[in-house]
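Following: one structure in structure tokens, then a few remarks.
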Amino acid sequence: MGIPLSVSIGVTTCDGDGGDFARMHREAEAALRRVRGEGRNRIGIAPRSAECHPLGSAGDAA
Amino acid sequence: MHPVSKSQSRLGAAIARWGVDPLVFGLASLIAAAILVAIVAIPQHLSTRARLEGLRAHVGEVGHIAASVVDGDLHRQLLDPANYSQELYDRALAPLVKFHSADPDIFYVYSMADRGGVPYFVLDTATSPKLRTKHELRPSQYMEKFELEEDDDGQWLRDLAAGKEYITSDFEEDDYGTFLTAHVPIYDSEGRYSGFIGVDFDMGYYLAGEARFRSIEIASLAAALLLAMLIGYFVARYHATMRRRIKELHEISIQDSLTGFYNRRGAMEIIKKALERHVGKSAVMLVDIDNLSTINDTHGHVAGDAVIARTAEAVRRSLRPGDQCSRFGDEFMIYAPDCDEAGAKLSPRGYSPS
């Protein structure tokens, strides 16, 4: 249709069974807001939280 | 499986083939059957009791007539065995024999004396060769003792002495058939209690009539049960239709009509449940269409909707079995069970809807 389109994506993951809908939605939304602030057409990964990643270290893979 | 359980499950499967829930069908049929059977059976029972009461009243009348034909003075003389003579006995018996011969539905007509709470036969029409009857009777002899049942407290004898009639409350069975008995006091010319008359009334014709009523009762009950099953079927059909409609309405209420994905409400319900059930790695992705509001403003909402639909197709192609996706506004939310960070980075490839 001649309209340039792109999407921005916010992602959060959870390693264990601590998956909580509200929290994961919040984290994904925060990651999305961050990448939209940095520009469009990119993927933002939410920092690894202690609840969801008890063995992993915190970090941002954006 | 137990044979009964097996046949029950077969029955359940047969009912389920009608498109209804066997449990709802069973419960509705049971309730309808209880109501309908009560509506049919209670009046039938009351009617049967009323017919029996009518008959008891009739037998009581027959007993009163029999008592009225007995000469109370002669009967009083016979209460004392010292006064007995065949001639006296025959004179006292003669009107009862005429009375008995006139009614073929009577088994026995007799009179009794109450001697210290024990009844003794006085007169018995079966002893007379002049009696015309269709029944074969065993005559009781003068002053033959009548053995009371063990559970008989003799209250009926006291009631008779007090001037009350006594009619058995229900049928009695004996070698010679089924009968109702009426006992009515006999009084002499001075109004003194002088024994009592007994009439055993043949219930054969009544029972034949009741058998006809019974076939009507059975047919009515069968019809009530069939009607109950029909009601049960329609209730179960209605229930199944309502459940299906509610499910359809629920599906509509949680679905986004533009993309076919869940809406926000659906996402809350389905993804929340999936997250609660899932154990292990999982990812949630929010896919936002860049500049959708600009597209809407520049090209109109029809173009904006087309962009959303195209993006939805691209997202749908990337979903794995078990992934759940919802759309609210210009965002798609994907829940991906068994997906780690690396997988989550890979999955959006090809999302470019243009």
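The values are calculated or read from the model by the stated rules, or taken from the named source; none is laboratory data. What you see is a predicted model; the values in this text were computed from it and never measured. Every residue, glycine as well, gets a Cβ built from its backbone with ideal geometry; the counts of neighbours run over all protein chains shown. To get the accessible areas, we keep the full protein, side chains included, count just its heavy atoms, and leave off ligands, DNA and RNA. Shrake-Rupley method; radii C 1.70, N 1.55, O 1.52, S 1.80 Å.
With every protein chain left in place, what is the accessible area per residue of segment B:181-324 in square angstrom, probe 1.4 Å?
With all protein chains present, segment B:181-324 gives 55 Å² per residue.
Go ahead and run the numbers for FRET between B:A211 and B:S85, Cβ-Cβ distance against an R0 of 45 Å, rounding to 0.05.
Taking R0 as 45 Å, the efficiency between B:A211 and B:S85 is 0.40.
Can you tell me the FRET efficiency between B:E173 and B:A222 if r is taken as the Cβ-Cβ distance and R0 is 30 Å, rounded to the nearest 0.05?
Result of the calculation: an efficiency of 0.55.
Can you pull the percent of the protein assembly as shown's accessible area that's carbon plus sulfur, 1.4 Å probe, other chains left in place?
The C+S portion of the solvent-accessible surface of the protein assembly as shown is 56 percent.
Can you tell me the relative contact order of segment B:244-306? Whole percent, Cα pairs under 8 Å, sequence separation 6 or more.
Across segment B:244-306, relative contact order equals 17 percent.
Would you mind classifying the protein assembly as shown by shape? Square roots of the alpha carbon gyration tensor eigenvalues, ordered a ≥ b ≥ c; an a/c under 1.5 is rounded, otherwise it is prolate if a/b is larger than b/c and oblate if not.
It is prolate, given that a/c is not under 1.5 and a/b is the larger ratio.
Do any GluC sites (Glu not before Pro) in segment B:174-258 lie in a DSSP loop with no more than 15 other beta carbon atoms within 10 Å, and if so, which?
In loop regions of segment B:174-258 (DSSP not H, G, I, E or B), the sparsely surrounded GluC sites (Glu not before Pro) are B:E190.
Relative to the present Cα-Cα distance, how much length would full extension add between B:K130 and B:S253 at 0.36 nm per residue of separation?
Contour length minus the Cα-Cα distance gives 34.7 nm.
In Å², nearest 100, what accessible area do chains B and A bury in total when the solvent probe is 1.4 Å?
So the total buried area for this chain pair works out to about 2800 Å².
Using the Kyte-Doolittle scale, find the helices of chain B whose mean hydropathy is at least 1.0 and whose Cα atoms extend 15 Å or more along the helix's long axis, counting only whole DSSP H runs.
What comes out of the filter, once short or polar helices are dropped, is B:22-69.
Given a 10 angstrom Cα cut-off, can you work out which residue in B:S215, B:S318, B:S140 is the most mobile in a GNM of chain B?
Maximum fluctuation in the GNM of chain B, among the listed residues, is at B:S318.
Give me the compactness ratio for segment B:255-346, meaning the Cα radius of gyration over 2.2 N^0.38 Å.
Dividing the Cα radius of gyration by 2.2 N^0.38 Å gives 1.14.
Keeping all protein chains in place, calculate the accessible area per residue for segment B:9-68 (probe 1.4 angstrom), answer in Å².
Per residue, segment B:9-68 has an accessible area of 57 Å².
Provide Rg over Rh for chain B; use the alpha carbon set for both Rg and the Kirkwood Rh (inverse mean inverse pair distance).
In chain B, Rg relative to Rh is 1.53.
Taking the Cα centre as origin and putting +1 on Lys and Arg beta-carbons and -1 on Asp and Glu beta-carbons, what dipole magnitude results for the protein assembly as shown, to the nearest 20 debye?
3500
Provide, for the protein assembly as shown, the number of lysine pairs with alpha carbons under 22 Å apart, each pair being eight or more places apart or on different chains.
Taking the Cα cut-off of 22 Å, the pair count is 7.
Taking 20 Å² as the minimum loss, tell me which residues in segment B:287-311 lose that much accessible area going from the chain by itself to the full protein complex (1.4 Å probe).
B:V287, B:D288, B:D290, B:N291, B:I295, B:H299, B:V307, B:R310
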